[in-house]
Amino acid sequence: MTKPRPCGCKGCRTCLICETQYGAEKFKQQFNFDKDRGYVYCPKCNKAWRGWDPNLYKEHPNHQGDSIDYPGVYILLDFINEVEEDELMQNIDEMPWDISQSGRRKQNFGPKTNFKKKKIVSGKFDGFPAFSKFLQDRFNAVDMLKHYETIEQCSLEYDPSKGASIDPHIDDCWIWGERIVTVNCLSDSVLTMNRFRGDIAKYNLISAEEYPPVLGPDGSIINQDETQESVLEATKPKSDIDIIVRIPMPRRSLIVLYGEARYHWEHSVLREDITSRRVCIAYREFTPPYLSYGKHEEIGNEIRKKAKQFWNHRYRYDIDDKVEKEVYTQKSLCEI
């Protein structure tokens, strides 16, 4: 069954539900990573140490074995506190979830994009839920997120009972900018990174030859007038070592992928690494052609203006507590 299934999966994307109930086991892609080639990134010393268990970073500063530099990763522990996480999740769960592939559910707020045709329209996008505004405001306190303008915010739920995961991929490089930001909630997890050696037409990587980097290897903001290299060339790995890098995503932390890790490595979330419910809030910014003075600034400015709106979800969705089944009806937009 290659068509969309009731669980939300289609094609080679599968979850435990469609594998056991809809005969999709035969479509499941197998990603057999060699654990002997694994390294675990430590957010406290910014090095990757040989191993596979993501909890190895907790041994800091008493690491053992050999280590390597792995640029393009920033992890800020305890970006939010427990009270903030509880309130955030309560509000998120008051809004409707849409089914997604590979056992996930999602809540997506952003413009309508066609990655194959490289077309974007604002569509019904009108900003973000107000309860999440404090997260975007807090980005301003992170040096490498200076001038970060969110134009897409997506909540993704990973449920172990559904075998939730996400296959190795690179986020689209035509429309999404260099800094890939995630706030991780409810449980620890891990990103598994593997070097991408395929055609740069995939993931629209070829588009990254058209604009410069935002950050240097150390995460510092680059003066755009001082660089002539494309971001794809500037972030090219200095070594061709064949390894797998595991990036811990501790609960309530902020994770930023940029540079080499963003453009030259695929990232995935393995089914085995989802042991309890996990919800991450993912953020995306525009590539330079959609910013001021870029060749697509007109549509970019239209969407950026809408991205400055924040609305109260309790005005937008009428939740009838008298009905066991969740029923949502759209109400008035409230700009804050």
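Given the pairs LYS10/LYS106; LYS35/LYS162; LYS3/LYS28; LYS10/LYS118; LYS117/LYS295; LYS35/LYS236, which span a C-alpha to C-alpha distance of over 20 angstrom in this model? List each step's numbers first, then the result.
Numbers: LYS10/LYS106 16 Å; LYS35/LYS162 24 Å; LYS3/LYS28 14 Å; LYS10/LYS118 23 Å; LYS117/LYS295 17 Å; LYS35/LYS236 25 Å.
Checking Cα-Cα distances, LYS35/LYS162; LYS10/LYS118; LYS35/LYS236 exceed 20 Å.
Sequence-ordered 3J(HN,Hα) estimates for the range 133-147 from the Karplus curve with 6.51, -1.76 and 1.60 and θ = phi - 60° stand at 4, 4, 5, 5, 4, 6, 4, 4, 8, 9, 3, 6, 9, 4, 6 Hz, glycine and proline given as x. Under the criterion of Cα pairs below 8 Å and six or more residues apart, the relative contact order for the chain equals 23 percent.
With θ taken as phi - 60° and the Karplus curve 6.51 cos²θ - 1.76 cosθ + 1.60 applied, the whole-hertz 3J(HN,Hα) list for the range 124-130 is 8, 4, 9, x, 10, x, 5 Hz, x standing for glycine and proline.
Subtracting the Cα-Cα distance of ARG197 and SER276 from 0.36 nm times their residue separation leaves 25.2 nm of extension gain.
Report the GluC sites (Glu not before Pro) located in the range 220-265 that are in a DSSP loop and have at most 14 other Cβ atoms inside 10 Å of their Cβ, or state none. List each step's numbers first, then the result.
Working: sites: GLU226, GLU229, GLU233, GLU260; in loops: GLU229.
Within the range 220-265, the qualifying GluC sites (Glu not before Pro) (loop, at most 14 other Cβ atoms within 10 Å) are GLU229.
Overall form of the range 25-118: oblate. Here a/c, set by the Cα gyration tensor axes a ≥ b ≥ c, is 1.5 or more, and a/b is not larger than b/c.
Classify the range 276-317 as rounded, prolate or oblate, taking a ≥ b ≥ c as the square roots of the eigenvalues of its Cα gyration tensor: rounded when a/c is under 1.5, otherwise prolate if a/b is larger than b/c and oblate if not.
On the way: a/c = 5.11, a/b = 1.63, b/c = 3.14.
Because a/c hits 1.5 or more and a/b fails to exceed b/c, the range 276-317 counts as oblate.
Comparing PHE115, TYR39, PRO61 along the charge dipole axis of the range 3-136, the residue lying farthest to the positive side is PHE115, per the Cβ-charge model. Going by the alpha-carbon gyration tensor, a ≥ b ≥ c the square roots of its eigenvalues, is the chain rounded (a/c under 1.5) or, if a/c is not under 1.5, prolate (a/b greater than b/c) versus oblate? Here the chain falls in the rounded category. The modelled label-to-label distance between ASP36 and LYS146, using points 7 Å beyond Cα along the C-beta direction, is 4.7 nm. Computed over the chain with a Gaussian network model linking Cα atoms closer than 10 Å, the most mobile of PHE79, PHE115, PHE139 is PHE115. Model label points for ASP66 and CYS154, set 7 angstrom from Cα along the Cα-to-Cβ axis, are 3.7 nm apart.
Here, each number is a calculation from the coordinates, and none is a lab measurement. From a predicted model like this one, the values you see are computed outputs, not experimental measurements. Methodologically, a virtual Cβ is constructed for each residue, glycine included, from the backbone with ideal geometry; neighbour enumeration extends over all protein chains shown.
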